[in-house]
Protein chains: 2
Amino acid sequence: MSTVKRHKIHLSENEMPTRWYNILHDLPTPPPPYLHPGTGQPVGPDDLSALFPMDLIAQEMATDQYVDIPPEVLDVYRLWRPSPLYRAHRLEAALGTPAHIYYKYEGVSPAGSHKPNTSVPQAFYNAKAGIKKLTTETGAGQWGTSLAFACAQFGLECEVWQVKASYDGKPYRRLMIETLGGTVHPSPSDLTAAGRAILAEHPDSPGSLGIAISEAVEVAAQDPTINYALGSVLNHVLMHQTIIGEEALKQFAKIDVTPDLVIGCTGGGSNFAGLAFPFLREKLAGRMSPVLRGVEPASCPSLTQGTYAYDFGDTAGMTPLMKMHTLGHDFIPDPIHAGGLRYHGMSPLISHIYESGLIEAVARKQKECFDSGVLFARSEGIIPAPEATHAIAEVVSEARACIESGEEKVIVMVLSGHGHLDLPAYGAYLDGTMTDHSYEESEIRDAVAEALTRLPAIPGQ
Amino acid sequence: MSTVKRHKIHLSENEMPTRWYNILHDLPTPPPPYLHPGTGQPVGPDDLSALFPMDLIAQEMATDQYVDIPPEVLDVYRLWRPSPLYRAHRLEAALGTPAHIYYKYEGVSPAGSHKPNTSVPQAFYNAKAGIKKLTTETGAGQWGTSLAFACAQFGLECEVWQVKASYDGKPYRRLMIETLGGTVHPSPSDLTAAGRAILAEHPDSPGSLGIAISEAVEVAAQDPTINYALGSVLNHVLMHQTIIGEEALKQFAKIDVTPDLVIGCTGGGSNFAGLAFPFLREKLAGRMSPVLRGVEPASCPSLTQGTYAYDFGDTAGMTPLMKMHTLGHDFIPDPIHAGGLRYHGMSPLISHIYESGLIEAVARKQKECFDSGVLFARSEGIIPAPEATHAIAEVVSEARACIESGEEKVIVMVLSGHGHLDLPAYGAYLDGTMTDHSYEESEIRDAVAEALTRLPAIPGQ
């Protein structure tokens, strides 16, 4: 029986972690505060209360090392969690690599991605605060689907602005959100002042996450029974995702294995943070020493080519100013298929940690990502979300390097979701119509510098 | 902690059953044999060898109670098996029922349904026999996807004829099969004599499983390196699916619960048989006494309204004659969204067991099925395949009856797959364009009688 290969390292429901991890507690230096665009001063809880319930605002600013997960949230998590940690035996065999490849598969959630890890607590805390409806943006649609699922669990309405390029190109996503009880609009829409302003200037705008955020925020800000929910970027969102890494640590402990390299794709940064932050805690404490690496698209390279500066989180300038790696708040990324990675900024927390030298970042082009995604699908069976193919491409590259070096490197990635609703992207790859886009460094640098001139005055920037 | 509800009853990889169950061993009487359409005599192994490898032919005719699952098949099964048995706490709460509802969720497979339980061994035995390519038919596409997945695992080519109504209406399915390495043609196609004959008479034919089977069989029969694979109906296919019920028995034993009612949807019958046959063994042995019930669509009611008679398995008359509940081999079912249930016949083995009075059958219309499917999606989170909504509708009906009776009935169903690639069906339900169709008994009876006049002479029919 020694030839039986174990594919999944499993945790039972009662082994599921019951606390989220807050990395703010353990960082050598704290990240710069969010600033109020009117005053240039750090925002306080009241500044955020038009959009978020106090429980989430408290989590956004918390410095405790751990936050207990409410029983009502744990109960919904148990519909799919703990998620499996896979050893990718068949991908390793297809590559002929001595590397040991693991993936933490978040596509087992009902919505098909890691996003319900935060949509569920966000819906719970809003329902607890008496809110009736949540608005949000979505790109490829993983987040909109996840928020619709969570709202159905807690009796909230859900209204989603979806980036028009994705709304048109991936029609199944709208149907999935509607089946779960949500409402979807293409963004830019004529339902908001922000959307109408964009349409007046660019009637054929393909949209962007920045524009969709402006629309969802505008609607939420005008009604006290409506709040807004964000699917990535913010501290509390990243914290909710740490259940991924906490589970992975338990799973690796079960097989007495320690990763050398931890990989995730990065758009706003939440799936990467969810896996990586608990490993970073272990590294900061000297208990292990993995390399932590985010992988972003070459056509939206915020970490690798963006400027680290205060900027708006949305296009219309309705959010607080956040110090982050940014391509400029009015940057419209190339309409690549990984819609979830088309965001002009990077989580301020990840940006700060990157500046602190604690994590690495690389950028990859979409065709090589789909090369690896198809290889993964045909070996492991799972068709990955386009976003997740970026992590896979990096893993494949590292695993191929191990063939040369002979190193049995232990690599773990988060497979953020499946690509069932992104199959037109695979169609474009298979029929040869997929294109690549990347930028000259100067092109990005100059555009960002120009965008930042349109910000209000900020002390020290 | 007594308030913590367990959602999933889990088995570890090393608890997975290692044998399939062959119900032929335990039936009070054997089912009637398949007949050669030329001679009217029972078919032997050689008659099937143009289409199937000898290992599968032996399984088709086996009378042993159990067949060992090869290690190579177990290794692929472990990519997703054992599948979870869920307690549907949230559906129960949404209904307010005292019933205890369980579902065995087969959508966790990479292909998204129960079909890989048989596509994997079929691909394995064919590869072992030196076959280079498998052909098949598919309706909604769950089977085609599953065979493409399995062929990729064992290095076989895969060519799929998909019922044209589904090919046109659910384009993501073709993309999924292609991403996994398969080739897809709409059926009827001009690639085969069978397809060309249909197109000559009905250029706009929406196709049927019977026609697609004729096309796939025709291509396989002409080349010794090509074999054919069937996704349901046959004994060996149903036997491969019994891993569902064997796992469920182990899972119920873990929580010391015995079901009162076992439910599955029935097209060709394989997911129902997979869950129900191991429970039927226990019932025949006097160890439990559950009711076993198949649920079919009102617009394709083979078990509840078909005639029990010898008929062809395909439209063109290329298969052996099988005694089964049939709507006539040239019956073209209404193009309902549950494409996997649009088959004119029922598994001969299930038909025989139904005639023996060991299982029950009911028919349901698609709109009430989608009512229950949407309720399920918004409570349990999983969007069910249209086929599976038939089982859910029956469960919901039974659970509502328990509200009246106060009975804490234990109900288990097989949730055969997710509906991610069937979302246009949910769109039609949500926008009110979905229609229902059913038949007068005389309408079906007369059509079948007429179709059966076109068969070759059969002793005793």
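May I ask you to verify whether B:Ala451 is crowded, with 17+ Cβ neighbours inside 10 Å, assigned to a helix (DSSP H, G or I) and within 14 Å of another protein chain (Cβ to nearest Cβ)? Taking the combined requirement at face value, the residue does not satisfy it. Taken across region A:221-232, residues that are without any contact (Cβ under 8 Å) to a residue 24 or more places away in the chain, of a type in the set (A, V, I, L, M) and open to solvent by 20 Å² or more (accessible area, probe 1.4 Å) do not occur at all.
Return the residue satisfying two criteria in turn: it lies in region A:135-148 and is among the hydrophobic types (A, V, I, L, M, F, W, C) and touching a helix residue (DSSP H, G or I) at 6+ places or on another chain (Cβ under 6 Å), and of such residues it is farthest from A:Asp55 (Cα to Cα).
So the first thing to find is which residues in region A:135-148 are among the hydrophobic types (A, V, I, L, M, F, W, C), and the list is A:140, A:143, A:147-148.
From what is left, the residues that are touching a helix residue (DSSP H, G or I) at 6+ places or on another chain (Cβ under 6 Å) are A:140, A:147-148.
Details: A:Ala140: 28, A:Leu147: 18, A:Ala148: 20 Å.
If we take residues in region A:135-148 being among the hydrophobic types (A, V, I, L, M, F, W, C) and touching a helix residue (DSSP H, G or I) at 6+ places or on another chain (Cβ under 6 Å), then A:Ala140 is farthest from A:Asp55 (Cα to Cα).
Does region B:406-421 contain at least one residue that is part of a helix (DSSP H, G or I), in contact (Cβ under 8 Å) with a residue 12 or more places away in the chain, surrounded by 13 or more Cβ atoms within 10 Å (Cβ to Cβ) and within 14 Å of another protein chain (Cβ to nearest Cβ)? Walk me through it before giving the result.
Step one: filter region B:406-421 for residues part of a helix (DSSP H, G or I), giving B:420-421.
Within this subset, residues satisfying the condition of being in contact (Cβ under 8 Å) with a residue 12 or more places away in the chain are B:420-421.
Then keep just the ones that are surrounded by 13 or more Cβ atoms within 10 Å (Cβ to Cβ); that gives B:420-421.
If we keep only those that are within 14 Å of another protein chain (Cβ to nearest Cβ) as well, we get B:420-421.
Checked against the condition, which is being part of a helix (DSSP H, G or I), in contact (Cβ under 8 Å) with a residue 12 or more places away in the chain, surrounded by 13 or more Cβ atoms within 10 Å (Cβ to Cβ) and within 14 Å of another protein chain (Cβ to nearest Cβ), region B:406-421 yields at least one hit.
Scanning region B:362-404 for residues that are buried (at least 21 other Cβ atoms within 10 Å of the Cβ), in contact with a Gly (Cβ under 8 Å, 6 or more places away or on another chain) and under 30 Å from B:Asp26 (Cα atoms) yields B:Glu387, B:Ala388, B:Ala391, B:Ile392.
Return yes when B:His325 is in contact with a Gly (Cβ under 9 Å, 6 or more places away or on another chain), touching a residue at least 60 places away in the same chain (Cβ under 8 Å) and crowded, with 24+ Cβ neighbours inside 10 Å and no when it is not. It is false that B:His325 is in contact with a Gly (Cβ under 9 Å, 6 or more places away or on another chain), touching a residue at least 60 places away in the same chain (Cβ under 8 Å) and crowded, with 24+ Cβ neighbours inside 10 Å. Restricting attention to region B:177-191 and to residues that are buried (at least 24 other Cβ atoms within 10 Å of the Cβ) and in a loop (DSSP other than H, G, I, E, B), the residue that is farthest from the other protein chains (Cβ to nearest Cβ) turns out to be B:Pro188. The lone criterion from (1) in a helix (DSSP H, G or I); (2) touching a helix residue (DSSP H, G or I) at 6+ places or on another chain (Cβ under 6 Å) left unmet by B:Pro335 is number (1). For region A:69-116, which residues satisfy the criterion of being charged (D, E, K, R), within 21 Å of A:Lys409 (Cβ to Cβ), more than 9 Å from chain B (Cβ to nearest Cβ) and in contact with a helix residue (DSSP H, G or I) (Cβ under 6 Å, 6 or more places away or on another chain)? Residue satisfying the conditions is A:Lys104 alone. Where strands (runs of 3 or more DSSP E) fall wholly inside region A:96-169, the ranges with 2 or more residues that are under 21 Å from A:Ile244 (Cα atoms) and over 17 Å from the mean Cα position of the chain (by Cα) are A:100-105. Taking the numbered list (1) in contact (Cβ under 8 Å) with a residue 40 or more places away in the chain; (2) in contact with a helix residue (DSSP H, G or I) (Cβ under 8 Å, 6 or more places away or on another chain) in turn, B:Gly427 passes all entries but (1). Could you tell me whether any residue of region A:160-176 is within 12 Å of chain B (Cβ to nearest Cβ) and within 21 Å of A:Tyr125 (Cβ to Cβ)? Within region A:160-176, none of the residues are within 12 Å of chain B (Cβ to nearest Cβ) and within 21 Å of A:Tyr125 (Cβ to Cβ).
Looking at B:Phe154, B:Phe149, B:Phe124, which one is over 25 Å from B:His344 (Cα atoms), open to solvent by less than 10 Å² (accessible area, probe 1.4 Å) and among the aromatic types (Phe, Trp, Tyr)?
Working: B:Phe154 fails: open to solvent by less than 10 Å² (accessible area, probe 1.4 Å); B:Phe124 fails: open to solvent by less than 10 Å² (accessible area, probe 1.4 Å).
Within the list B:Phe154, B:Phe149, B:Phe124, the selection yields B:Phe149.
From the residues in region B:371-386 that are within 19 Å of the chain's Cα centre (by Cα) and in a helix (DSSP H, G or I), which one is nearest to the other protein chains (Cβ to nearest Cβ)? Even if it seems obvious, please write down each step before you answer.
Start the filter on region B:371-386 by keeping residues that are within 19 Å of the chain's Cα centre (by Cα), which leaves B:373, B:383-386.
Remaining after also requiring in a helix (DSSP H, G or I): B:373, B:386.
Details: B:Gly373: 8, B:Pro386: 12 Å.
Filtering region B:371-386 for residues that are within 19 Å of the chain's Cα centre (by Cα) and in a helix (DSSP H, G or I), the one nearest to the other protein chains (Cβ to nearest Cβ) comes out as B:Gly373.
The values are calculated or read from the model by the stated rules, or taken from the named source; none is laboratory data. Source: prediction; values computed, not measured. Using ideal geometry, Cβ is built from the backbone for each residue, glycine included, and neighbour counts are taken over all protein chains shown. Note: areas computed on protein heavy atoms with side chains; ligands, DNA, RNA excluded. Shrake-Rupley method; radii C 1.70, N 1.55, O 1.52, S 1.80 Å.
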